[in-house]
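Below is one structure, written out as structure tokens, with a few remarks after it.
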């Protein structure tokens, strides 16, 4: 079969905030850039981010990037790389101002400056009073940013391949990445996109869990592609459960609701976070608040007839504040629960939210893997940014407001490094047809006809398995069973057959390709979790309840091709300031 | 509950036809949940959807004759059988999936980005809360296309009339105190079609799932044009 070929300087896979910020940097530098996305760009999941983006603008209370850096490192439970965190926190103010100049409709203070609200895990002066560092456009900050970044790319004349699904990276025998094989969803035709540099910006994989805040499209496609190309995933055992999802349904209620003064109640009407985090209370880190809610429910203090949730109270803020600052969640709660949060408390429960782990990169967005002499050898031509990457700025637990920051900081950094790389590498490397054939075989496998399990059934089983065997509280026995179950699902995936073999906009085939990615990501997650015998950040082991810096202050690297784990040290040395050594983490 | 859903696969069908499905529903289900249940019976039904909470704008369809997002349309509010068609006026790719190219083209044509001529200040461009309030009801547009595909003027002239969604965005930038391209934006909308094909039928505001009001935005552009011409 002859497959059409296109050539670009850079291929960006994914059109969320990270991909679009990188594409903008490249288009402005006159690089020939193609953005491939399985959905129209403004459908990408960045659109759903609510509360805001962190930057120490000090518009409301005193602040500086160094305090932001401290909070981020503490929030990461000291697993974050301090050079990357310094880089991100230093860049934050400039990049938020740049977004404002590009048109993001930030909410405003009376003096005309960008509105900032308090968020979890934020402090002034290295652990002192609560900071207000999160720049917000009401509670639709992600929407405002994503649309603005898309608009900027329209102006910059970026080349978009909308509704193209990336099947696999093309990688030659020397290990260099040469682009990707993609599928035009509308026609069902494969296409080879050759590129001197490829940036993965495919977002997270919240769909490995049953109840999640994530869009249907968050299936870890870039993570699956990396694993199949022999690249490990880093720190996958750290998956963030957001404390305030709508109970039983999973829709996100922004942390900004607590930032604006909302708080959590158990069935006795007790403001229970005061017991778990006497200082920060409801604005402790997300891992801390999620565990507190689980504990309340488990110990019989949950609300409702089944005692299976707690309440988020906002009615004391008044209708005006709720409408002005939280209009989006007000609408969502009215739509899905038929109550008005300006007058009634919201039933909430933690829900799977954010993939802290991902494709290992350095702070320039270059993908780095262990080789004979080093734990960080660059993969020629391959970059990653945003939720699919692990820089790592979030370590074992991400702070709210740092994900929108991560995508613009490292999207831009990757763009800048790619520009430099392109100057030094002017030619495309020769196409590796064996690699192309492997990608096409992956696609052709779904043409097999006959009876077999359905994609939907197996996906539902995977999500349920991950929820039961790799949830908030974990232990060795449960995780080991989880590994066996996910391995079994991986085996059974071979026998799944599609009934729909049409070419035109075959969504069933896309979901099958997505399921292959989900299974690999789930396996990396549960295997990494079973191996880390300590509790740190979002990874909570009932059989190893303490953090163990002597043995476990290190990053995991999981290969699923041969189910192997390696480890590499945390970068404790920042760029210019003193290191923040691990301390007990209390809020 | 019974559903009548328009099907069309260009590989096998000469023209669209209605297919009936029956599924068991619960009181809190949305139309999207029904689609998912149907897809478990019949994976060939093609729909677009993603966030499932009315934020990404992927899943606009025509429900019992009215455009809306399937993910935030409660089944409890729908008359049986629920008839679902693709949004009207656009080329059908397959089943409920339409080709949105024309819609996106009109969106890009209004130059939906902030244009400033002043040198960039080091910090944010100041904007008072009152100035910022003028963007409420405008910036929230999710580009689902419910409005433009409910607009008879857009059906007749999708290549010439910008349509309600694009014009809402045109006003979003005209209304922004930071934007400095008012004259250019107004010039671009001159002529009998781009703006003036709006006959204030107001389907757009009636169907908008985010409760935005393109008709009002179009009226504001016309008023501003008048002010600029005298």
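Would you confirm, using the coordinates I've provided, whether residue A:173 is assigned to a loop (DSSP other than H, G, I, E, B), touching a strand residue (DSSP E or B) at 6+ places or on another chain (Cβ under 7 Å) and touching a residue at least 24 places away in the same chain (Cβ under 8 Å)? Quick ask: steps written out before the conclusion?
Values: assigned to a loop (DSSP other than H, G, I, E, B): yes; touching a strand residue (DSSP E or B) at 6+ places or on another chain (Cβ under 7 Å): no; touching a residue at least 24 places away in the same chain (Cβ under 8 Å): yes.
For residue A:173, the condition - assigned to a loop (DSSP other than H, G, I, E, B), touching a strand residue (DSSP E or B) at 6+ places or on another chain (Cβ under 7 Å) and touching a residue at least 24 places away in the same chain (Cβ under 8 Å) - is not met.
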- Query: What number of residues within the range B:1-37 are in contact with a strand residue (DSSP E or B) (Cβ under 9 Å, 6 or more places away or on another chain), under 22 Å from residue B:50 (Cα atoms), away from every other protein chain (no Cβ under 11 Å) and surrounded by fewer than 16 Cβ atoms within 10 Å (Cβ to Cβ)?
  - Reply: 0
- Qualifying residue in the range A:350-357 (condition: farther than 23 Å from residue A:466 by Cβ and in contact (Cβ under 8 Å) with a residue 40 or more places away in the chain): no
- Please give the number of the condition residue A:437 fails out of (1) more than 14 Å from chain B (Cβ to nearest Cβ); (2) in a loop (DSSP other than H, G, I, E, B). (2)
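Listed residues B:108, B:116; which is within 8 Å of another protein chain (Cβ to nearest Cβ), touching a residue at least 40 places away in the same chain (Cβ under 8 Å) and touching a helix residue (DSSP H, G or I) at 6+ places or on another chain (Cβ under 8 Å)?
Working: B:108 fails: touching a residue at least 40 places away in the same chain (Cβ under 8 Å).
Result of the check over B:108, B:116: B:116.
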- Task: Considering each of A:477, A:516 in turn, give the residue that is in a helix (DSSP H, G or I), more than 11 Å from chain B (Cβ to nearest Cβ) and crowded, with 17+ Cβ neighbours inside 10 Å.
- Result: A:516
- Please state which of the following conditions residue A:129 fails to meet, knowing it meets all the rest: (1) touching a helix residue (DSSP H, G or I) at 6+ places or on another chain (Cβ under 9 Å); (2) within 30 Å of residue A:326 (Cα to Cα); (3) away from chain B (no Cβ under 11 Å). (1)
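Go through the range B:153-169 and report how many residues are within 14 Å of the chain's Cα centre (by Cα) and part of a helix (DSSP H, G or I). Give the steps one after another, and end with the answer.
Keep residues of the range B:153-169 that are within 14 Å of the chain's Cα centre (by Cα), which gives B:154-155, B:158, B:162-169.
Filter once more, keeping what is part of a helix (DSSP H, G or I): B:154-155, B:163-169.
Residues meeting the conditions: 9.
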- Query: Condition test on residue B:192, is it within 16 Å of the chain's Cα centre (by Cα) and in a loop (DSSP other than H, G, I, E, B)?
  - Reply: no
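Residues that are in a strand (DSSP E or B) and within 30 Å of residue A:198 (Cβ to Cβ): does the range A:337-349 have at least one?
Initial filter on the range A:337-349 (in a strand (DSSP E or B)): A:346-349.
Narrowing the set further to residues that are within 30 Å of residue A:198 (Cβ to Cβ) leaves none.
Scanning the range A:337-349 turns up no residue that is in a strand (DSSP E or B) and within 30 Å of residue A:198 (Cβ to Cβ).
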- Message: Criterion first (under 30 Å from residue B:90 (Cα atoms), within 12 Å of chain A (Cβ to nearest Cβ) and in contact with a helix residue (DSSP H, G or I) (Cβ under 7 Å, 6 or more places away or on another chain)) does residue B:154 satisfy it?
- Response: no
- Within the range A:310-330, count every residue that is surrounded by fewer than 21 Cβ atoms within 10 Å (Cβ to Cβ), within 11 Å of chain B (Cβ to nearest Cβ) and either under 27 Å from residue A:294 (Cβ atoms) or within 25 Å of the chain's Cα centre (by Cα) (or both). 1
- residue B:160 vs (1) more than 14 Å from every other protein chain (Cβ to nearest Cβ); (2) more than 15 Å from residue B:221 (Cα to Cα); (3) buried (at least 21 other Cβ atoms within 10 Å of the Cβ): all pass except (3)
- Message: Of the residues B:137, B:145, only one is assigned to a loop (DSSP other than H, G, I, E, B), touching a strand residue (DSSP E or B) at 6+ places or on another chain (Cβ under 7 Å) and more than 8 Å from every other protein chain (Cβ to nearest Cβ); which?
- Response: B:145
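Which fully enclosed helices (runs of 4 or more DSSP H) of the range A:187-281 have 2 or more residues being closer than 29 Å to residue A:15 by Cα and within 16 Å of the chain's Cα centre (by Cα)?
Values: elements: A:221-228, A:256-259, A:273-276.
Once the helices (runs of 4 or more DSSP H) in the range A:187-281 are filtered for at least 2 residues that are closer than 29 Å to residue A:15 by Cα and within 16 Å of the chain's Cα centre (by Cα), what remains is A:221-228.
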- Message: Quick check on the range A:132-144. Is at least one of its residues surrounded by 24 or more Cβ atoms within 10 Å (Cβ to Cβ), more than 30 Å from residue B:114 (Cα to Cα), in contact with a strand residue (DSSP E or B) (Cβ under 6 Å, 6 or more places away or on another chain) and away from chain B (no Cβ under 12 Å)?
- Response: no
- Note on the structure: Only unsatisfied item for residue A:551, checking (1) modelled with pLDDT of 95 or more; (2) farther than 20 Å from residue A:355 by Cα; (3) part of a loop (DSSP other than H, G, I, E, B), is (3)
- Item | Residue count, the range A:189-227 (criterion: away from chain B (no Cβ under 14 Å) and surrounded by fewer than 24 Cβ atoms within 10 Å (Cβ to Cβ)) | 6
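Need a quick list: helices (runs of 4 or more DSSP H) entirely within the range A:1-119 having at least 1 residues that are more than 17 Å from residue A:408 (Cβ to Cβ) and more than 14 Å from chain B (Cβ to nearest Cβ).
Working: elements: A:17-28, A:65-75, A:82-102.
Output list reads A:65-75, A:82-102.
The values are calculated or read from the model by the stated rules, or taken from the named source; none is laboratory data. Because the structure is predicted, anything quoted here is derived from the model rather than measured. Cβ coordinates were reconstructed from backbone atoms using ideal geometry, including for glycine residues, and neighbour counts include every protein chain displayed.
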